[in-house]
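The next block holds one structure in the form of structure tokens; read it before the comments.
Every read-out reported here was derived from the displayed coordinates using simple, explicitly stated rules and does not represent laboratory data. Keep in mind that this is a model prediction, so the values were computed, not measured. As a convention, Cβ positions derive from the backbone with ideal geometry for all residues, glycine included, and neighbour counts pool all protein chains shown.
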Amino acid sequence: MVGAEVSRDDNPNIPLQPEEIAAAAEEAWQAGASIIHLHVRDERGQPTQSAAVFRRAIDLIARRCDVIIQVSTGGATGMTAEERIQPLTLDPEMATLTTGTVNFGDSVFYNPPGDIETFAREMKNRGIKPEIEVFDTGMIATALGLVKKGLVASPLHFDLVMGVPGGIPGTPRDLLHLVESLPADSTWTVAGIGRTELPLGAMAIPMGGHVRVGFEDNIYYSKGVLAKSNAELVERIARLARELGREVARPNEARAILRMPLRG
Ligand code: KMH
Ligand code: ZN
């Protein structure tokens, strides 16, 4: 929806406040989205992990549609683990769990082993479905280590975030490599950054994967043309999926695919 890295200077159509995020989430849901990966901003438009702001956004989204709301525990680079973990206190259906440290442009997205285990334990204790965020290959092995320790339950769901400067590149060869490195019973989504969003998403469809698109990862519809909305990006990938013979899952179908409890 908005992520932590983009601003209105990059694309004036980015939703920032909870009301705007909720309206954008509903539009994306109408276009075919079944999961909203949620970051929030404070009243000045800066990234925040405040549980109060998350609660407001979650309540507003839930009033509008039945999407799976996946809160970010990644937040923004430079935030402490204590800041980042706050939205888990709201018992969301789903949350992200990054299983390693990665250079992130000029910054570092810092995820030392102790913090990863703390986040994983909190999700397990609260019954929150983790989405394992993989920015490079080694993070898959670390996730499997969490399964061995009983901190995360199989089958795992992964999000392969590709093309972050400092992480795994967003090439077809790298996507194949990551997918072949996952346990056979896993589900996975690809999130290609910038210009890799569309080609990697298009590849994932015939490979049996799922696709994340939106302003957090990419602000353009095509080269030099800013996207009008998250929904515009969702609508295109949903259309591609149908053209390739894959129906788009509605939220309860997505819950079933991810082996999560159904709602409503
Ligand atoms: N903003 C990035 C540093 C997540 O949401 O879990 C981390 C991120 C991952 O966006
Ligand atoms: Zn994120």
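For the modelled label position 7 Å from the Cα of S7 along Cα-to-Cβ, which residues of segment 34-54 have backbone nitrogen atoms closer than 16 Å? So the set is 41-48. Full extension of the chain between Y221 and T171 gives 16.1 nm of extra length, using 0.36 nm per residue less the Cα-Cα distance. Ordering V248, V164, G114 by the projection of their Cα atoms onto the charge dipole of the chain, which places +1 on the Cβ of Lys and Arg and -1 on the Cβ of Asp and Glu, puts V248 at the extreme positive end. Using Cα pairs under 8 angstrom and six or more residues apart, how large is the relative contact order of the chain, in percent? Reported as a whole number, the value is 18 percent. What distance in nm lies between label points placed 7 Å from Cα along the C-beta direction at V147 and D185? Those two pseudo-labels are separated by 0.8 nm. The charge dipole of the chain, taken about its Cα centre with unit charges on the Cβ atoms of Lys, Arg (+1), Asp and Glu (-1) only, comes to about 560 debye. Placing +1 on each Lys and Arg Cβ and -1 on each Asp and Glu Cβ, with no other charges, gives segment 55-141 a dipole about its Cα centre of roughly 360 debye.
By a straight-distance test (C-alpha under 19 Å), which lysines pair with K129 as possible cross-link partners, with residues fewer than eight away in the same chain excluded? Excluding near neighbours in sequence, the set is K148, K149.
Dimensions of the chain from C-alpha coordinates, computed as largest minus smallest value along each principal axis and given longest first, are 44, 44, 40 Å. Label 7 Å along Cα→Cβ of A81; segment 110-131 residues with amide nitrogen under 15 Å? It comes to 110-124, nothing else.
Sites listed here are trypsin sites (Lys or Arg not before Pro) in segment 140-229 whose DSSP assignment is loop and whose Cβ has at most 15 other Cβ atoms within 10 Å: K149, K223, K228. Straightening the chain between Q46 and D91 buys 13.9 nm, computed as 0.36 nm per residue apart minus the Cα-Cα spacing.
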